[in-house]
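Every number in this text was worked out from the coordinates using simple rules, so none of it is lab data. Because the structure is a prediction, the values reported are computed rather than measured. Note that we place each Cβ from the backbone using ideal geometry, even for glycine, and neighbour counts take in every protein chain shown.
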Amino acid sequence: MKKGLIKVSAICASALICAAALTGCGNDGGKLVMGTNAAFPPFEFTTSEGLVGEFDGIDVAIASEIASDMGKELEVADMDFDGLIAAVSTGKVDMVAAGMTATDGRRKNVDFSDTYFLASQVMVVAADNTDITKADDLKNDKKVGVVLGYTGDNIVTDDLQIPEDKITRANRGLDVVQEVKNGKLDAVVIDSATGKALAEKNGLKVVEDPDAFETEEYAIAVKKGNTELLDKINATLAELKASGKIDELAVKYNQ
Ligand code: ARG
């Protein structure tokens, strides 16, 4: 009799553990899973004491607000930038918050929230560089670095039509910025806030060319047709914009 009871309670205990594990793992349980590429300061980066584990930045702070408005816990899934669209389309993550520019090309595969930040591309060059003052100067035989799959990659490749043998593509902005630092590349084309952050840290400078580089709109991506989540994201974004919280975050993270 006693043995039987123990057995029953053991089954109950493991059933409870299973139930807890299921809610913990499922994307529509107690967690909101944000896909990102945490090599894009000030929007997402890793640090010893981040907002969510080691992850911190403007996007992590915004996503935390979205999760908390939904009564969920935020989980951050860090991956290569060019894997993010597939991750959200296949349901591996619930949304992508990655300083991602809402482009027409991407709109074919995902739905975007309202815009939460405006940016543009800049050129990161050596502090003493004088021959790159506008985007067209990159066409003069310059060696240009970009990050694989970023809008900067499209601009350098398709719009400026820099020859392939002059382009270096890396997985992280820092990797190409370091090549500018050691003189192997003339310039890196990357988003403004990240370019400024990386230039500052590495003793380089930023050159802007608003005529050549259009304004880009950062938005959060969800799986196509996931209007339920999109509406919640937009509601939180509207609240954060109205209260001035997004501007505060931009200042706090020093963009
Ligand atoms: N805004 C650029 C784009 O959408 C770069 C974004 C990079 N973001 C990141 N988390 N690494 O292509």
Fill in the blank from the handout: Picking from Gly195, Gly183, Gly149, Gly225, the residue that is of a type outside the set (Asp, Glu), assigned to a loop (DSSP other than H, G, I, E, B) and within 16 Å of the ligand (Cβ to nearest atom) would be Gly149
Practice task
Just need a number here: residues in segment 198-221 that are assigned to a loop (DSSP other than H, G, I, E, B), among the acidic types (Asp, Glu) and in contact with a strand residue (DSSP E or B) (Cβ under 9 Å, 6 or more places away or on another chain).
Solution key: 3
Fill in the blank from the handout: Scanning segment 33-58 for residues that are without any contact (Cβ under 8 Å) to a residue 60 or more places away in the chain and either aromatic (Phe, Trp, Tyr) or closer than 17 Å to Val96 by Cβ (or both), the one nearest to the ligand (Cβ to nearest atom) turns out to be Glu44
Problem - Scan of segment 41-54 for residues that are of a type in the set (Phe, Trp, Tyr) and under 24 Å from Met70 (Cβ atoms), ordered by number - result: Phe43
Problem - From Lys196, Lys205, Lys181, residue being charged (D, E, K, R) and out of contact with any helix residue (DSSP H, G or I) (no Cβ under 8 Å at 6 or more places or on another chain) - result: Lys196
Exercise for the section: Scan segment 180-204 for residues that are surrounded by 17 or more Cβ atoms within 10 Å (Cβ to Cβ) and closer than 19 Å to Lys139 by Cα and jot them down. Expected result: Val180, Leu185, Asp186, Ala187, Val188, Val189, Ile190
Practice task
Pull up segment 106-131, narrow it to residues that are touching a residue at least 40 places away in the same chain (Cβ under 8 Å) and over 19 Å from Thr194 (Cα atoms), then point me to the one that is surrounded by the fewest Cβ atoms within 10 Å (Cβ to Cβ).
Solution key: Asn109
Handout entry: Test: residue in segment 60-81 that is under 11 Å from the mean Cα position of the chain (by Cα), surrounded by fewer than 15 Cβ atoms within 10 Å (Cβ to Cβ) and on the phi < 0 side of the Ramachandran plot
Key = yes
Handout entry: Pairs with Cβ under 7 Å, 6+ apart, first in segment 169-180 and within 10 Å of Ala39 (Cα to Cα) and of a type outside the set (D, E, K, R), second within 13 Å of the ligand (Cβ to nearest atom) and part of a helix (DSSP H, G or I)
Key = Gly173/Thr194; Gly173/Leu198; Leu174/Leu198
Practice task
With the condition kept exactly as written, say whether any residue in segment 89-101 is among the charged types (D, E, K, R), buried (at least 20 other Cβ atoms within 10 Å of the Cβ), away from the ligand (no atom under 13 Å from the Cβ) and in contact (Cβ under 8 Å) with a residue 12 or more places away in the chain.
Solution key: yes
